[in-house]
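Heads up: the structure comes next, in structure tokens.
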């Protein structure tokens, strides 16, 4: 007997996206390495997958704080103090740990207020539609992160106009805004760090265009949080000197190694987000144990110890970049701990990832649509607690890879986007 859900599944499998991925899964069954199950995570950056020990270069816990005993103990103490769940939407109530965490984040970041969300994706899905109305327009970088683009789709379904501008091009932004008139306000959505290419936006130029065109800057700095700027505050303050006329989104996973996200903004705007952001009002909040861990991480970032963590991270990153240059690989990024090695052909990208896997190193093979078609990359994520031997071991295998694969030697890095 056939049910409607069976016909629905059959219909979904006939769509272009499903056929594309199923074809790859069949064609590269041994090389696909997607949907992996990690059976164990040991000290350092060693993981076990199917009884195979691997050095993990796919973790975005950039500072290694996921293995810091103080952070782990804060989670455990938070569970003892608050239990494992907030118990209600924050529209009704918040545990005190949530308020303290938001206050500490604001003091560290240098904004009037912060508002914690369950994830960066839910922050963007809730905040962007909540900030604009039918008289407004959202303008976004063509390589803006998927979660912002999904939030913009919701805003568009609510009647807000939207359009894109060329990647990191302030002049094109100005042209697009001029053509979008008349509008009440514009929201300009950009990344603080573009996660595949690792490039940074010209924030000063974008902020100037925003001020002159009745626009507010919205910066998703998830990949800059904790690893760029003084005390890990990200890209905005270093570039602009203040948070005037903008909202900043930061990640509490990644370098924070906790859970959730935050939006930094004026206190009055924070109040509006509590009212107008559906993912805040109707979503489940960050579990209280992780809020205690967030407070612990803020203390670490504000201490002299952060300089040591950053030094270890920067040392590892520079060693990897120098080694890949010596091998002759085409590397995209290098300003942040995300380093993409260009492979090109999708099949070759999967085979290259499998080659590293078979030699004891796990990196992410990233294909279309996360990057342009036939511009596949090996995405290497460097952590502060990688050892020199692990970095050098990866470089040795990358050197062997370069001898077995015909790899590109030049590439316009700006064509690789999140």
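If you scan region 380-418, which residues turn out to be within 29 Å of residue 310 (Cβ to Cβ), at pLDDT 85 or above and in a helix (DSSP H, G or I)?
388, 389, 390, 391, 392, 393, 394, 395, 396, 397, 398, 399
Please work out which residue is nearest to the chain's Cα centre (by Cα), limiting yourself to region 354-374 and to residues that are in a loop (DSSP other than H, G, I, E, B) and within 17 Å of residue 390 (Cβ to Cβ). Working first, answer last.
Taking region 354-374 as the starting set, the residues that turn out to be in a loop (DSSP other than H, G, I, E, B) are 359-360, 363, 367-374.
If we keep only those that are within 17 Å of residue 390 (Cβ to Cβ) too, we end up with 359-360, 363.
Details: 359: 28, 360: 26, 363: 16 Å.
Applying the filter and picking the extreme gives 363.
With touching a helix residue (DSSP H, G or I) at 6+ places or on another chain (Cβ under 9 Å), farther than 30 Å from residue 115 by Cα and surrounded by 13 or more Cβ atoms within 10 Å (Cβ to Cβ) as the only criterion, which of 45, 13 stands out?
Numbers: 13 fails: surrounded by 13 or more Cβ atoms within 10 Å (Cβ to Cβ).
Going through 45, 13 in turn, the sole match is 45.
Yes/no matrix, rows are residues, columns are (1) within 20 Å of residue 145 (Cα to Cα); (2) touching a strand residue (DSSP E or B) at 6+ places or on another chain (Cβ under 7 Å); (3) at pLDDT below 95:
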position	(1), (2), (3)
208	no, no, no
217	yes, yes, no
227	yes, no, no
230	no, no, no
235	yes, no, no
241	no, no, no
247	yes, yes, no
Exercise. Return yes when residue 163 is touching a strand residue (DSSP E or B) at 6+ places or on another chain (Cβ under 7 Å), over 26 Å from residue 368 (Cα atoms) and at pLDDT 95 or above and no when it is not.
Key: no
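Is it fair to say residue 153 is farther than 21 Å from residue 94 by Cβ, assigned to a helix (DSSP H, G or I) and in the same structural domain as residue 282 (by TED's automatic domain parsing)? Walk me through how you get there before you give the answer.
Details: farther than 21 Å from residue 94 by Cβ: yes; assigned to a helix (DSSP H, G or I): yes; in the same structural domain as residue 282 (by TED's automatic domain parsing): yes.
Here the answer is yes, as residue 153 does meet what is asked.
Would you mind stating whether residue 165 is buried (at least 18 other Cβ atoms within 10 Å of the Cβ) and either touching a residue at least 12 places away in the same chain (Cβ under 8 Å) or out of contact with any helix residue (DSSP H, G or I) (no Cβ under 9 Å at 6 or more places or on another chain) (or both)? Give the steps one after another, and end with the answer.
Numbers: buried (at least 18 other Cβ atoms within 10 Å of the Cβ): yes; either touching a residue at least 12 places away in the same chain (Cβ under 8 Å) or out of contact with any helix residue (DSSP H, G or I) (no Cβ under 9 Å at 6 or more places or on another chain) (or both): yes.
Yes; evaluated as a whole, the condition is true for this residue.
Does at least one position in region 333-353 carry a residue that is in a helix (DSSP H, G or I), without any contact (Cβ under 8 Å) to a residue 60 or more places away in the chain and touching a helix residue (DSSP H, G or I) at 6+ places or on another chain (Cβ under 8 Å)?
First, the residues of region 333-353 that are in a helix (DSSP H, G or I): 346-353.
Pick out the ones that are also without any contact (Cβ under 8 Å) to a residue 60 or more places away in the chain and you get 348-349, 352.
From what's left, touching a helix residue (DSSP H, G or I) at 6+ places or on another chain (Cβ under 8 Å): 352.
Yes, that holds for at least one residue.
May I ask you to verify whether residue 280 is closer than 30 Å to residue 45 by Cα, touching a helix residue (DSSP H, G or I) at 6+ places or on another chain (Cβ under 8 Å), outside any loop (DSSP other than H, G, I, E, B) and not assigned by TED's automatic domain parsing to the domain that holds residue 395? Reasoning before the result, please.
Working: closer than 30 Å to residue 45 by Cα: no; touching a helix residue (DSSP H, G or I) at 6+ places or on another chain (Cβ under 8 Å): yes; outside any loop (DSSP other than H, G, I, E, B): yes; not assigned by TED's automatic domain parsing to the domain that holds residue 395: yes.
For residue 280, the condition - closer than 30 Å to residue 45 by Cα, touching a helix residue (DSSP H, G or I) at 6+ places or on another chain (Cβ under 8 Å), outside any loop (DSSP other than H, G, I, E, B) and not assigned by TED's automatic domain parsing to the domain that holds residue 395 - is not met.
Could you check region 138-150 and list, in sequence order, the residues that are more than 15 Å from the chain's Cα centre (by Cα) and surrounded by 24 or more Cβ atoms within 10 Å (Cβ to Cβ)? Step through it out loud before you land on a result.
If we filter region 138-150 for residues that are more than 15 Å from the chain's Cα centre (by Cα), which is where we start, we get 138-142.
Of everything in region 138-150, those that are more than 15 Å from the chain's Cα centre (by Cα) and surrounded by 24 or more Cβ atoms within 10 Å (Cβ to Cβ) turn out to be 138, 139, 140, 141.
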Exercise. State all residues of region 1-37 that are over 21 Å from residue 369 (Cα atoms), outside any helix (DSSP H, G or I) and without any contact (Cβ under 8 Å) to a residue 12 or more places away in the chain; if no residue qualifies, say none.
Key: 1, 2, 3
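The values are calculated or read from the model by the stated rules, or taken from the named source; none is laboratory data. Predicted model only: the values in this text are computed from it and were never measured. Here Cβ is always computed from backbone atoms with ideal geometry, including for glycine, and neighbour counts include all displayed protein chains.
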